[in-house]
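The values are calculated or read from the model by the stated rules, or taken from the named source; none is laboratory data. These numbers come from a predicted model, not from an experiment. Cβ sites come from the backbone with ideal geometry, for glycine too, and all protein chains shown count toward neighbours.
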Amino acid sequence: MTSKRKRKNGQNAGSSGDNLSGDPGVEATAFKSAEKVVERLQPSQRTRQRPHPPTAANASAQLYKCYKDGRPPPSFDQVIDVDREHSEVEEVPLPEGTPEWLHSSTRVYLLRGVDGFRLLRSPLSAAQQLQLVEAALSEWIEPPVITNLNLHHGPCARLWSRHREQSDPDGSLLARLSWATLGQHYRWTERAYEAESRPDTFPPALAQLTAELASAAGEAVHPQAAIVNFYGADSTMGGHLDDAEPCQTAPIVSLSLGLDAIYLIGGPTKAEPPRAVWLRSGDVIIQGGESRGFYHGVPRVVAGTLPPALEQAAATPGQREVVAWLREHRMNVNVRQVYPS
Ligand SMILES: O=C(O)CCC(=O)C(=O)O
């Protein structure tokens, strides 16, 4: 797991210091070019730039060239959006054995040529999404769970309550939260999982949900660790491999909540041209098969994209505050099996 987070101020949450877009030692690559190009786009371009919708025949070549050279800059229309017909995606049926509750709303898409990659579109209801975010903010990030804040502030209890009460003396500590690790703890400096055991901090309900979501892609996973990533509207995550887990056969299950994002999926080396995929709140990526070992990253969170369904689903004052927070944030729950079964 070599996650690399870049804030607007250039600080990385991870301490490996090799953010793809910030490391002068890293050669220019297709992945890097693609991130830069997408970063330059303004959200308003999504609706403004519609002159050259990609056709089935030339979409891939156009996308590659645009992302690699940045000339002409691509519009968001070239990002693969499973809600619009696209030659590179295909809807596939839910496999037998998928739990019943997933059948009503989930659509499963594969990305042609990316072995084992699946996008589950809207498997999670708005109510489920709010419950997950509320649980993360009010329960999952509580000590003994380790977050990026531990290094400078020690264990930080009641971050969400203090944010709601506005009781942090030097502004909201929550605003500085960028990751929390659940279950087996990943040491960012050593880029390895820690060997000694800690209290088990992996929420059982999340483990069950993850396994059920994976089954909708025909995959099996025994969840043992998760990184919960917290993004502001200007946060990005550089291209990286999740290669610290001794188990590289079980898929990564990655839940998107809150603001939309552009997700890049490349290949086993940085030279492979990545493809950009549009992610919405409630979408889930399953990175199984060969794609488990592929470069990926998040070059953009798209401001102003919180779905109205989330606003409408907020049933309690607490959930309305979650919605207010989500208007400016994206949360990703990135679940892995660390050890082979
Ligand atoms: O935020 C995302 O969608 C991806 C996160 C990720 O790649 C990671 O945590 O390794």
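Here is how the numbers come out for the structure above:
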read-out	value
Output for the range 76-111, where each listed residue is under 21 Å from TYR263 (Cβ atoms) and exposed (fewer than 13 other Cβ atoms within 10 Å of the Cβ)	ASP83, ARG84, GLU85, GLU90, GLU91
Residues that are hydroxyl-bearing (Ser, Thr, Tyr) and within 13 Å of the ligand (Cβ to nearest atom), drawn from the range 249-301	SER254, SER256, TYR263, SER281, SER291, TYR295
Filter result for the condition that a residue is part of a loop (DSSP other than H, G, I, E, B) and within 16 Å of the ligand (Cβ to nearest atom), over PRO223, PRO155, PRO199	PRO223
Selection within the range 228-255 - polar (S, T, N, Q) and buried (at least 24 other Cβ atoms within 10 Å of the Cβ)	THR236, SER254
Any chance SER256 is in a loop (DSSP other than H, G, I, E, B), closer than 14 Å to GLN129 by Cα and in contact with an Asp or Glu (Cβ under 8 Å, 6 or more places away or on another chain)	no
Breaking point among (1) more than 16 Å from ARG280 (Cα to Cα); (2) more than 16 Å from the ligand (Cβ to nearest atom); (3) touching a Gly at 6+ places or on another chain (Cβ under 9 Å), for VAL322	(3)
Output for the range 179-227, where each listed residue is over 20 Å from THR249 (Cα atoms), polar (S, T, N, Q) and surrounded by fewer than 15 Cβ atoms within 10 Å (Cβ to Cβ)	THR189, SER197
Output for the range 184-222, where each listed residue is modelled with pLDDT of 95 or more and in contact with a helix residue (DSSP H, G or I) (Cβ under 9 Å, 6 or more places away or on another chain)	PRO203, ALA205, LEU206, LEU209, GLU212, LEU213, SER215, ALA216, GLU219, ALA220, VAL221, HIS222
Checklist (1) among the charged types (D, E, K, R); (2) at pLDDT below 95; (3) within 26 Å of TRP160 (Cα to Cα) applied to ARG280, failing item	(2)
